[in-house]
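For reference, the structure is listed below as structure tokens.
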Amino acid sequence: MEEDKYYIVKKKALPEVLLKVVEAQRLLDSERVMTIQEATDAVQISRSSFYKYKDDIFPFHENNRGKTINFMMQMDDVPGLLSSVLRQIADSHANILTIHQTIPIGGIASLTLGLEILPQTVSIPKLIDSLESLEGVHYLKILGRE
């Protein structure tokens, strides 16, 4: 698995399609449009472009502390792994708001977490990297940020 890297890039350096994906996401979040088709039509990109990039681009806000982040991860069903995940989050000084673990199927469980990012929390990329590096964690996907 290729290691995810995070970059801060100025708006002028981004391809237009990525900016349009962000705009489509904003329209959906604001509820001015109700469907992805309406959002992609409004910003003039294909739905396939939206789906291709929607999980990989987010607006950067200087005041990203005191916000929430929701993510889902798949992990092995082994004793102590959930405890290690929770310990890593505590060590990163984030506050767990919600947690849900599915019943494991085929030795794999899904974990959905809602975290509050506090002023003392390590950076989000560092937190994600630390969770993904735990033995038994298959992948982590950001579901949303506020």
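The values are calculated or read from the model by the stated rules, or taken from the named source; none is laboratory data. Predicted model, so just to flag it, every value in this text is computed and none were measured. Reconstructed Cβ throughout: ideal geometry from the backbone, glycine too, with neighbour counts over all protein chains shown. Note: areas computed on protein heavy atoms with side chains; ligands, DNA, RNA excluded. Shrake-Rupley method; radii C 1.70, N 1.55, O 1.52, S 1.80 Å.
What is the number of the single condition among (1) more than 24 Å from LYS11 (Cβ to Cβ); (2) exposed (fewer than 15 other Cβ atoms within 10 Å of the Cβ); (3) touching a Ser or Thr at 6+ places or on another chain (Cβ under 7 Å) that LYS141 does not meet?
For LYS141, the exception is condition (3).
Kindly evaluate VAL33 against the criterion of being modelled with pLDDT under 90 and more than 16 Å from the chain's Cα centre (by Cα). Show your work before the answer.
Numbers: modelled with pLDDT under 90: yes; more than 16 Å from the chain's Cα centre (by Cα): yes.
Yes.
Condition first: surrounded by 10 or more Cβ atoms within 10 Å (Cβ to Cβ), at pLDDT below 90 and of a type in the set (Asp, Glu). Now tell me which residues in region 1-19 satisfy that.
ASP4 - this is the single residue of region 1-19 that is surrounded by 10 or more Cβ atoms within 10 Å (Cβ to Cβ), at pLDDT below 90 and of a type in the set (Asp, Glu).
Are any of the residues in region 75-90 touching a helix residue (DSSP H, G or I) at 6+ places or on another chain (Cβ under 9 Å) and more than 19 Å from GLU135 (Cα to Cα)?
no
Please go through region 20-34 and give me each residue that is open to solvent by 60 Å² or more (accessible area, probe 1.4 Å) and at negative phi, ordered by number.
Selection gives GLU23, ARG26, ASP29, ARG32, MET34.
Please determine, by comparing only the residues of region 111-131 that are more than 15 Å from LEU86 (Cβ to Cβ) and charged (D, E, K, R), which one is surrounded by the fewest Cβ atoms within 10 Å (Cβ to Cβ).
LYS126
Considering (1) in a loop (DSSP other than H, G, I, E, B); (2) out of contact with any Gly (no Cβ under 9 Å at 6 or more places or on another chain); (3) of a type outside the set (D, E, K, R), say which one VAL78 fails and leave the rest.
Among (1) in a loop (DSSP other than H, G, I, E, B); (2) out of contact with any Gly (no Cβ under 9 Å at 6 or more places or on another chain); (3) of a type outside the set (D, E, K, R), the lone unmet condition for VAL78 is (2).
Kindly list, by first and then second residue, each pair from a residue in region 124-141 that is closer than 16 Å to VAL78 by Cα to a residue that is among the charged types (D, E, K, R) and surrounded by fewer than 12 Cβ atoms within 10 Å (Cβ to Cβ), limited to pairs with Cβ atoms under 9 Å and residues at least 6 apart or on different chains.
Within 9 Å, the pairs are GLU132/GLU3.
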